[in-house]
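To start, the structure under review is shown below, and the notes come after it.
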Amino acid sequence: MKFSIPTNWDNGLVTNVVKDGIDSFYGKLRGDYIGGGRAEYAIPSVSREKAKQHIKLIHGYNLKFNYLLNSVCIGNIEYSRRGQRRIRKLLDWLIEAGVDSVTIAIPYLAEIVKKYYSKISVNVSLCANVCHPFQVKYWEDLGAEEITLSPWLVNRDFKLLRRIRKAANCKIQLYANCLCLTGCPFFYYHYAMVSHSIINNSDGNNFFIDYCKYKCMFYRNKDPKKYLSSVWIRPEDLAYYENEGIDKIKLGDREAMTGYILRVVDAY
């Protein structure tokens, strides 16, 4: 089993975290045209030049780099000429920076990448909420080489996991240290909120409060059993998932400081 590790763009993280089993790092610039599954203010800031050097450092350890383009909605800009030009400009830079793969939640973006950027592999984000064999086949038809399954609905359902693994030809990844509520009622709204936080609100500013995150924390603190019943996977249970044919484990979080990420990697 391989591991996908978050980067906060600290070179010291790379030099201290490299261990057997790590396959790749994933990350994202604070601001780009597509956005993703985290609000901009939560992402460590780095210049494009320093990001390129960071990716080069990762490649120096024979590891891969995955760039996140995992917004669930970008306001239909992807269908306009101006929007497509800006998307292509970002993807051109990712090629220049040496990115090996991109993680996507919007099917149309997968089509753009597969049509114009054959050097970049397409991974499907957990934000796409893939939780059924039918969904896996659709994404494979779009060219997906790897899919991160819905942690809210799949992580602890081994019968469903087996059905998906049997149907899938691509690699399957699970997000392990996720404290989201099982069957979370907020996740569609949450990722739509975060995706649109990159777009100006109607009053002309980017004011954003992560209501879903704080509501989730409220539920867990009100009923601590929800910490245990949430969708995280215990480090000592990874062997069960490996026996079911899971290819990779994703660890978080790219918002975190280097010390925290190192502790998570050591634990798993």
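Quick notes
- Cα-centre dipole for segment 1-136 with unit charges at Cβ (Lys and Arg positive, Asp and Glu negative), debye to 20: 420
- A simple charge model with +1 on the Cβ of Lys and Arg, -1 on the Cβ of Asp and Glu and nothing else charged puts the dipole of the chain at about 300 debye relative to its Cα centre.
- Positive-end residue, the chain charge dipole about Cα centroid, Cβ charges, pick of HIS190, LEU153, PHE218: HIS190
- Extension gain for ASN221-ARG82 works out to 45.5 nm (0.36 nm per residue, less the C-alpha to C-alpha distance).
- At the residue level, TRP232 shows approximately 60 square angstrom of accessible surface with a 1.4 angstrom probe and all protein chains present.
- TYR108 versus TYR41: modelled label distance in nm, points set 7 Å from Cα along the beta carbon direction: 3.0
- ARG85 accessible area, assembled protein chains, probe 1.4 Å, Å²: 150
- In this label model, LYS50 and SER229 are separated by 4.4 nm, measuring between points 7 Å along each Cα→Cβ vector.
- The listed peptides 186-194, 72-80, 52-60, ordered by packing as a protection proxy, come out as 186-194, 52-60, 72-80 (highest mean of other Cβ atoms within 10 Å first).
- Annotation: extensible slack from ILE209 through GLU242 equals 8.1 nm (criterion: 0.36 nm per residue apart, minus Cα-Cα distance).
- Label zone at GLU145, where the point sits 7 Å out along the Cα-to-Cβ direction: segment 245-268 residues whose backbone N lies under 18 Å: 247-250
- The slack between LYS2 and TYR61, meaning 0.36 nm per residue of separation minus the straight C-alpha distance, is 19.7 nm.
- Rounded Å value of the spacing that divides the Cα centres of segment 54-130 and segment 208-268: 25
- Among 248-254, 260-266, the peptide with the highest mean count of other Cβ atoms within 10 Å heads the list, and the full ranking is 248-254, 260-266.
- Alpha carbon convex hull of segment 135-242, projected area averaged over orientations, nm²: 8.8
- Answer label for mean projected area of the Cα convex hull in nm² (calculated), chosen among (i) 18.8; (ii) 15.3; (iii) 14.1: (iii)
- Pairs exceeding 23 Å between alpha-carbon atoms, taken from LYS159/LYS222; LYS56/LYS250; LYS2/LYS56; LYS56/LYS119; LYS114/LYS159; LYS28/LYS114: LYS159/LYS222; LYS114/LYS159.
- Dipole magnitude (debye, nearest 20) for segment 40-94, charges at Cβ of Lys, Arg, Asp, Glu: 280
- Taking label positions 7 Å along the Cα-Cβ direction at both GLU255 and PHE134, the computed distance is 3.3 nm, reported to one decimal.
- Charged neighbours of VAL46, selected by a Cβ distance under 13 Å, balance to +2 (K, R count +1; D, E count -1).
The values are calculated or read from the model by the stated rules, or taken from the named source; none is laboratory data. Keep in mind that this is a model prediction, so the values were computed, not measured. Reconstructed Cβ throughout: ideal geometry from the backbone, glycine too, with neighbour counts over all protein chains shown. The protein model used for the area step is the full one, side chains on, heavy atoms only, and it has no ligands, DNA or RNA in it. Shrake-Rupley method; radii C 1.70, N 1.55, O 1.52, S 1.80 Å.
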